[in-house]
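The structure under discussion appears below in the form of structure tokens.
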Amino acid sequence: MLPIKIATAQFENRSNDKAYNLGVIRSIAAQAKSQGAQVIAFHECSITGYTFARHLDRRQLTDVAESIPDGESIQALIAIAKELDIVILAGLFEKTDDGSLYKAYVCVDKTGLLAKYRKLHPFINPHLTPGNEYVVFDLLGWKCGILICYDNNIIENVRATALLGADIIFMPHVTMCTPSTRPGAGFVDPALWTSRETDPTSLRAEFDGLKGRSWLMKWLPARAYDNGIYAIFSNPIGMDDDQLKNGCSMIIDPFGDVVAECRRLGDDFVIATLTPEKLTQSGGYRYRNARRPELYGAVISAPHKAVQKVVWMQDTEK
């Protein structure tokens, strides 16, 4: 494997405005390409918008969703990748011929669709069908996986993707700045976003505190460290429907170190050079080789009924 330059981006998407969002994706991708990026990753549902989907009935969500790869947005994304000669990862709602609806994330290049992944643990709309498989694919000589947002909270998903051979795991999110049972969690006042140019200090304190980045750093670096992989985290910034998001898209290396991070209070991207040597130098690589699955294989695979509760969704329903 040769070193690879990957960018991760953040931007303020518009709900169900695919043309606008694709325009921003193109603009940021072009800037990243001009600075040497070979790949750029955008956040969960970056093409369609995300949080607004909790208000939609099945027909409305079906109208927003598209087929993959024949849908208009994926074809537009492929055209952008071909024009700029860059690999692009982005997300949207998917519909299939049998009427199923999924939360999808795709990787495209100038030749077309390279990979498609369906979120395993969707919750934003009850009409979404959970995905049922992991995805690992070749990208410029590297093995890559994808896990969307909540999927990364279940540590088995990250370990399984790594064991399937992933050197890099793309982790698109729409996360943080929502209420939870943990101390310090909560929404961030949208008024702070409006006044970000005159009072960036108050907004940064909320974005970087326990409502945002401080919570993320409790667990995200551990996913990379424990598994000896590169984690490409992408998250929107600004208003997503009625919720304010804090961005801080970042790239974490197999040592668990943040090697690049978006820090602007606005649309942004950063680039990191990923080198293959770190994969085998990392502690996670050694720990994976030291596993003894005969001790816990049966424990992990024992029957279990999945129960997924998202606190802020329950609060808003009330």
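The values are calculated or read from the model by the stated rules, or taken from the named source; none is laboratory data. Since the structure is predicted, the reported quantities are computational estimates derived from the model, not experimental observations. Using ideal geometry, Cβ is built from the backbone for each residue, glycine included, and neighbour counts are taken over all protein chains shown. Protein only, heavy atoms only, side chains kept; ligands, DNA and RNA dropped before computing areas. Shrake-Rupley method; radii C 1.70, N 1.55, O 1.52, S 1.80 Å.
For the range 233-253, state whether one or more residues are among the acidic types (Asp, Glu), in contact with a strand residue (DSSP E or B) (Cβ under 7 Å, 6 or more places away or on another chain), surrounded by fewer than 24 Cβ atoms within 10 Å (Cβ to Cβ) and within 23 Å of LEU89 (Cβ to Cβ). Even if it seems obvious, please write down each step before you answer.
As a first pass, look at the range 233-253 and keep what is among the acidic types (Asp, Glu): 240-242, 253.
Restricting the remaining residues to those that are in contact with a strand residue (DSSP E or B) (Cβ under 7 Å, 6 or more places away or on another chain) gives 253.
Right, trim to surrounded by fewer than 24 Cβ atoms within 10 Å (Cβ to Cβ) and you get 253.
Checking the rest, the ones that are also within 23 Å of LEU89 (Cβ to Cβ) come to 253.
Yes, the range 233-253 contains a residue that is among the acidic types (Asp, Glu), in contact with a strand residue (DSSP E or B) (Cβ under 7 Å, 6 or more places away or on another chain), surrounded by fewer than 24 Cβ atoms within 10 Å (Cβ to Cβ) and within 23 Å of LEU89 (Cβ to Cβ).
Since PRO122 meets every condition but one in (1) open to solvent by 10 Å² or more (accessible area, probe 1.4 Å); (2) assigned to a helix (DSSP H, G or I); (3) under 22 Å from THR51 (Cα atoms), which condition does it not meet?
It is condition (2) that PRO122 fails.
Just to be sure I understand the filter: pairs with C-beta atoms under 6 Å, separated by 6 or more residues or on different chains, first member in the range 51-68 and farther than 11 Å from ASN125 by Cα, second member at pLDDT 95 or above and part of a helix (DSSP H, G or I). Which pairs pass?
GLU66/SER73; ILE68/ILE74
Mind checking which residues of the range 1-19 are under 17 Å from ILE237 (Cβ atoms) and either buried (at least 19 other Cβ atoms within 10 Å of the Cβ) or in contact with a helix residue (DSSP H, G or I) (Cβ under 9 Å, 6 or more places away or on another chain) (or both)?
Quick first cut of the range 1-19, residues under 17 Å from ILE237 (Cβ atoms) only: 7-15, 17.
Of everything in the range 1-19, those that are under 17 Å from ILE237 (Cβ atoms) and either buried (at least 19 other Cβ atoms within 10 Å of the Cβ) or in contact with a helix residue (DSSP H, G or I) (Cβ under 9 Å, 6 or more places away or on another chain) (or both) turn out to be ALA7, THR8, ALA9, GLN10, PHE11, GLU12, ASN13, ARG14, SER15.
Against the condition in contact with a Gly (Cβ under 7 Å, 6 or more places away or on another chain) and under 15 Å from ALA162 (Cα atoms), how does LEU210 come out, does it pass? Steps first, please.
Values: in contact with a Gly (Cβ under 7 Å, 6 or more places away or on another chain): yes; under 15 Å from ALA162 (Cα atoms): no.
Taking the combined requirement at face value, the residue does not satisfy it.
Would you mind finding the one in THR129, THR181 that is surrounded by fewer than 20 Cβ atoms within 10 Å (Cβ to Cβ) and closer than 17 Å to TRP312 by Cβ?
Working: THR129 fails: closer than 17 Å to TRP312 by Cβ.
Within the list THR129, THR181, the selection yields THR181.
Mind counting the residues in the range 264-276 that are polar (S, T, N, Q) and surrounded by 18 or more Cβ atoms within 10 Å (Cβ to Cβ)?
The initial filter retains those residues of the range 264-276 that are polar (S, T, N, Q), namely 273, 275.
Then drop every residue that is not surrounded by 18 or more Cβ atoms within 10 Å (Cβ to Cβ), which leaves none.
Adding up the residues that qualify gives 0.
Are any of the residues in the range 20-36 open to solvent by less than 40 Å² (accessible area, probe 1.4 Å), among the hydrophobic types (A, V, I, L, M, F, W, C), free of Cβ contacts under 8 Å to residues at least 60 places away in the same chain and within 19 Å of CYS144 (Cβ to Cβ)?
Yes.
Among the residues of the range 188-203, write down those that are in contact with a Leu (Cβ under 7 Å, 6 or more places away or on another chain) and touching a residue at least 12 places away in the same chain (Cβ under 8 Å).
Answer for the range 188-203, where residues must be in contact with a Leu (Cβ under 7 Å, 6 or more places away or on another chain) and touching a residue at least 12 places away in the same chain (Cβ under 8 Å): VAL188, PRO190, LEU192, TRP193, ARG196, PRO200, LEU203.
Is one or more of the residues making up the range 150-157 hydrophobic (A, V, I, L, M, F, W, C), part of a loop (DSSP other than H, G, I, E, B) and in contact (Cβ under 8 Å) with a residue 24 or more places away in the chain?
yes
Out of the range 209-232, which residues are among the charged types (D, E, K, R) and surrounded by fewer than 16 Cβ atoms within 10 Å (Cβ to Cβ)?
Of all residues in the range 209-232, those among the charged types (D, E, K, R) come to 211, 213, 218, 223, 226.
The answer is LYS218, and nothing else.
Test each condition in (1) touching a residue at least 40 places away in the same chain (Cβ under 8 Å); (2) of a type in the set (Val, Ile, Thr); (3) in contact with a helix residue (DSSP H, G or I) (Cβ under 8 Å, 6 or more places away or on another chain) for ILE237 and report the one that comes out false.
In the conditions (1) touching a residue at least 40 places away in the same chain (Cβ under 8 Å); (2) of a type in the set (Val, Ile, Thr); (3) in contact with a helix residue (DSSP H, G or I) (Cβ under 8 Å, 6 or more places away or on another chain), ILE237 misses (3) alone.
Does LYS116 count as without any contact (Cβ under 8 Å) to a residue 40 or more places away in the chain and within 22 Å of LEU22 (Cα to Cα)? Quick ask: steps written out before the conclusion?
Values: without any contact (Cβ under 8 Å) to a residue 40 or more places away in the chain: no; within 22 Å of LEU22 (Cα to Cα): yes.
The answer is no for LYS116.
So, of the residues in the range 77-98 that are of a type in the set (Gly, Ala, Ser) and free of Cβ contacts under 8 Å to residues at least 60 places away in the same chain, which turns out to be least open to solvent (accessible area, probe 1.4 Å)?
At the first step, the residues of the range 77-98 found to be of a type in the set (Gly, Ala, Ser) are 79, 81, 90-91.
Right, trim to free of Cβ contacts under 8 Å to residues at least 60 places away in the same chain and you get 79, 81.
Values: ALA79: 56, ALA81: 0 Å².
Top of the filtered list is ALA81.
Looking at the range 247-266, which of the residues that are part of a strand (DSSP E or B) and in contact (Cβ under 8 Å) with a residue 60 or more places away in the chain is farthest from LYS5 (Cα to Cα)? Even if it seems obvious, please write down each step before you answer.
Taking the range 247-266 and keeping what is part of a strand (DSSP E or B), we get 250-252, 258-261.
From the residues that got through so far, the ones that are in contact (Cβ under 8 Å) with a residue 60 or more places away in the chain too are 250-251, 260.
Numbers: MET250: 13, ILE251: 11, ALA260: 11 Å.
So the residue we want is MET250.
Quick one: how many residues across the range 254-263 are open to solvent by less than 40 Å² (accessible area, probe 1.4 Å) and over 21 Å from VAL24 (Cβ atoms)? Please lay out each step first, then the result.
Let us first name the residues in the range 254-263 that are open to solvent by less than 40 Å² (accessible area, probe 1.4 Å), namely 254, 256, 260-262.
When the remaining residues are screened for being over 21 Å from VAL24 (Cβ atoms), the result is 254, 256.
So the count comes out to 2.
GLY49: buried (at least 17 other Cβ atoms within 10 Å of the Cβ) and outside any helix (DSSP H, G or I), yes or no? Steps first, please.
Working: buried (at least 17 other Cβ atoms within 10 Å of the Cβ): yes; outside any helix (DSSP H, G or I): yes.
Yes, satisfied.
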